Amino acid sequence: MRTARVFQAIVLLTAFASISDWLCCAQSPSPSTSDQKIISDFSKKANDYINKEHMLAQSQMKPTSDVGRLQQARKQLREAVQQSRPNARQGDFFNGDTANVFRKVLVDLLKGPEGKKIRTSLNHAEPGASTEFKVNNEFPNQNGQPIQSVPPTVLKVLPELPKGLEYCIAGRTLALRDSAANLVVDYLPNAIP
């Protein structure tokens with residue numbers, strides 16, 4: 001019981017720290033109280049997802065240096081996550097209000113002094129990256145395409161994610177990727193103006 005309370009406190013502190021980091025580093029004006037609540041809810045969902053996935057991973061992933069076994073373990077984890085979220089759909093994380101806040105932050109960033117440099121970076125990184133995302137399916141890089149990294153200037157204005165989740169950008173779409181399972185958790189179309 002005590003361990004569970006300590007774990008809950010750590011999750012809450014991590015979410016609070018993520019929100020604080022996001023609020024202090026965003027280049028746009030201070031978010032409103034309602035925007036702060038929306039980001040807090042997003043961070044809580046991300047932490048809840050990763051905590052649930054870690055429970056699944058304990059039974060699915062075993063340490064190994066064998067690439068074939070690692071790929072098989074990743075596939076098994078992906079299948080376990082898919083089974084635990086059978087009704088997952090686009091907008092579970094990036095719902096209407098959250099989508100609006102993310103888009104507003106990204107518009108402000110791209111209109112700012114670093115905007116031109118960020119656009120150039122995004123346009124040159126992976127011009128052929130697939131934008132055909134489907135929630136709860138494998139991230140669309142099955143043919144070995146590299147996954148585009150998100151520029152640090154963009155990451156500074158987005159809420160920090162727990163280890164195991166990452167943002168990916170393909171075209172104008174912002175995706176939330178489960179890196180251990182190589183799974184599309186959610187995506188936000190037209191995130192990049």
In straight Cα distance, which aspartates and glutamates are under 15 Å from residue 116, not counting same-chain residues fewer than 8 positions off?
-> 108
Go through 44/111; 111/156; 117/156; 37/104; 45/75 and tell me which ones have a Cα-Cα distance over 19 Å in this structure.
-> 44/111; 45/75
Cross-link reach from residue 52 to aspartates and glutamates, straight Cα distance under 19 Å and at least 8 residues apart if same chain, gives 41, 79, 92, 138, 160, 166, 178, 186
How do 149, 32 rank when sorted from fewest to most other Cβ atoms within 10 Å of their own Cβ?
-> 32, 149
If we sort 176-185, 160-169, 111-120 on the protection proxy, mean other Cβ atoms within 10 Å, highest first, what's the order?
-> 176-185, 160-169, 111-120
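Every read-out reported here was derived from the displayed coordinates using simple, explicitly stated rules and does not represent laboratory data. A quick note: this is a predicted structure, and the numbers were derived from the prediction, not measured. Note that we place each Cβ from the backbone using ideal geometry, even for glycine, and neighbour counts take in every protein chain shown.
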